[in-house]
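Right, one structure below, let's go through it.
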Amino acid sequence: MENLKRVIQLLSGRFDNSEQFHSLSEEEQEKFPVSIHNNMLLNDLIVNRPKDFDGVLKSIIVPKN
């Protein structure tokens, strides 16, 4: 469980490639895609979630249909 918490910590937050973009020449910048990623946990926004829910899905049951 500690490994999962560490991975979540590493992947959560706001990330972009602006540093890489600004290191390019103007010609390269015209062809380079700029990206911004906002990753966060939304567990607190889930309505009626179990009180003991630790944020990890243990299993998923897929209906046959």
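Restricting attention to the stretch 39-52, the residues that are open to solvent by 100 Å² or more (accessible area, probe 1.4 Å) and in contact with a strand residue (DSSP E or B) (Cβ under 8 Å, 6 or more places away or on another chain) total 1. On inspection, F15 fails the criterion of being touching a helix residue (DSSP H, G or I) at 6+ places or on another chain (Cβ under 8 Å) and among the hydrophobic types (A, V, I, L, M, F, W, C).
For the stretch 11-37, enumerate the residues that are within 30 Å of F53 (Cα to Cα) and open to solvent by 100 Å² or more (accessible area, probe 1.4 Å). Residues satisfying the conditions are L11, R14. Annotation for the stretch 54-65: no member residue is at positive phi and loosely packed, with under 10 Cβ neighbours inside 10 Å.
Restricting attention to the stretch 9-37, the residues that are part of a helix (DSSP H, G or I), touching a strand residue (DSSP E or B) at 6+ places or on another chain (Cβ under 9 Å) and among the aliphatic types (A, V, I, L, M) total 1. Beta carbons closer than 8 Å, at least 6 apart along the sequence or on distinct chains, pair a first residue in the stretch 11-34 that is in contact (Cβ under 8 Å) with a residue 24 or more places away in the chain and polar (S, T, N, Q) with a second that is open to solvent by less than 100 Å² (accessible area, probe 1.4 Å) and in a strand (DSSP E or B) for S12/N39.
The values are calculated or read from the model by the stated rules, or taken from the named source; none is laboratory data. Please read these numbers as outputs of a predicted model, since none were measured by experiment. Reconstructed Cβ throughout: ideal geometry from the backbone, glycine too, with neighbour counts over all protein chains shown. To get the accessible areas, we keep the full protein, side chains included, count just its heavy atoms, and leave off ligands, DNA and RNA. Shrake-Rupley method; radii C 1.70, N 1.55, O 1.52, S 1.80 Å.
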